[in-house]
Amino acid sequence: MSIPAWSEKMLQLLRRMNNFYSAGSCRAHCLRFEIGGAQVGWIPPHVAPLLAQYPQVFDPPQGGVVSLCSSLDSYEKRSEAVDEVLQSLRKEESLTFLKGWRNERYSVMPRYCDPPLMWMERAATSLFGVRRYGVHLNGYTVSNSGEISMWLARRSATKQTYPGMLDHVAAGGLAADAGIKHTMIKECEEEACIPAAIAEKAKPVSTVSYTYVEEGEVFPESQFVFDLELPKEFKPKIGDGEVQEFYLLPMDKVKELLVAGDFKPNCAMVVLDFLIRHSYIEPDSEPYYQEFVAGLHQTL
């Protein structure tokens, strides 16, 4: 594949993963979701009428905004009230993402540095366009001659999302009250049997942020990215069953696979970020260099 064709395919991926900002997206028709005057998400147009059925929890839309009722004035009250609504909305056939209910609590706040205002079931966050955070680990080895190879995982065929696709050696969502590095170490142990003594040497290097629309729902996401040079003799092992196989591949092959449609999309973005940071992609030879960097770091 020629470099221009490869570049164009990567640009298409970035546009897809940032399609919320594209002309003609549902953004113009979304309502801002606010708690105490602070925006924490975007409510798609088909969701707002469903929330109107619960006036004790959500104020009527006003000025393009849906707010939680002011009587819900604590983390606990907000979380419990919204969860009751969501438990009821699970009966709605049109809300397909709620069928993937996980019993995982995600924090809701305007920015990651802000105190959480409530928690929300992971599967419901896209109904409110609430920011979701996760961790991704680039696990790699360096040969005696200095050549880098990357460990990749093939997701289990029974995974709820993106079954059978290529993934990082370890990655996962950031649950409410969980620390970033703690989550990374936990995912390493659970998914790839990487001992904590090795995983804790991982270095935080970047974030990758984007917002996409899928089936009318909004997914603003930000991934905390770690790099970990693994010992040459180390081989990851299948842990919790979320992975069916691991591969150690040279970076040229990884770069080729990025545009083959075999990667989980956000993992492809994180690998692209790795390629840029490690100078496999340079501005003198890549015509879309600036577009790549901008697409990986969209403001949420």
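None of the figures in this text is laboratory data; all of them are computed from the coordinates on show. Values in this document were obtained by computation on a predicted structure and should not be read as measured data. Note that each Cβ is placed from the backbone with ideal geometry, even for glycine, and that neighbours are counted across all protein chains shown.
Charge tally around L152: other residues with Cβ under 11 Å, Lys/Arg +1 each, Asp/Glu -1 each, net +1.
Using the alpha-carbon atoms, what tilt in degrees (0 to 90, nearest 10) does helix 3-17 show relative to the longest principal axis of the chain? Tilt relative to the chain: about 20 degrees.
Considering only A157, A170, A192, the Gaussian network model of the chain with Cα springs below 10 Å gives its largest mean-square fluctuation to A157. Of the cross-linked pairs K181/K201; K99/K181; K159/K232; K77/K99; K201/K237; K201/K232, those separated by over 22 Å at the C-alpha level are K99/K181; K159/K232; K77/K99. Computed from Cα atoms, the angle from the helix 265-277 axis to the main principal axis of the chain rounds to 50 degrees. A dipole drawn for the chain from +1 and -1 charges on Cβ atoms has a positive end, and of L11, I185, F226 the residue lying farthest that way is L11. Rg and Dmax of the chain, based on Cα coordinates, read 20.2, 65 Å. Considering helices alone, the calculated mean residue ellipticity of the chain at 222 nm is -8000 deg cm²/dmol, with DSSP H runs of length four and up weighted by -39500 (n - 2.57) and normalised per residue. To the nearest ten degrees, helix 180-192 and the longest principal axis of the Cα atoms of the chain are 60 degrees apart.
Expressed as a fraction of 2.2 N^0.38 Å, the C-alpha radius of gyration for region 26-128 is 0.99.
A cut-off under 15 angstrom between Cβ atoms defines the neighbours of S22, and their net charge, with Lys, Arg +1 and Asp, Glu -1, is +1.
A straight chain from R111 to R32 at 0.36 nm per residue would run longer than the Cα-Cα distance by 27.0 nm. Computed about its Cα centre, the charge dipole of region 26-128 is approximately 320 debye, with only Lys, Arg, Asp and Glu carrying charge at their Cβ.
Among S206, S126, S71, the largest mean-square fluctuation in a Gaussian network model of the chain (Cα springs under 10 Å) belongs to S71. Of all the options C69, C188, C30, the one that moves most in a Gaussian network model of the chain with Cα springs shorter than 10 angstrom is C69.
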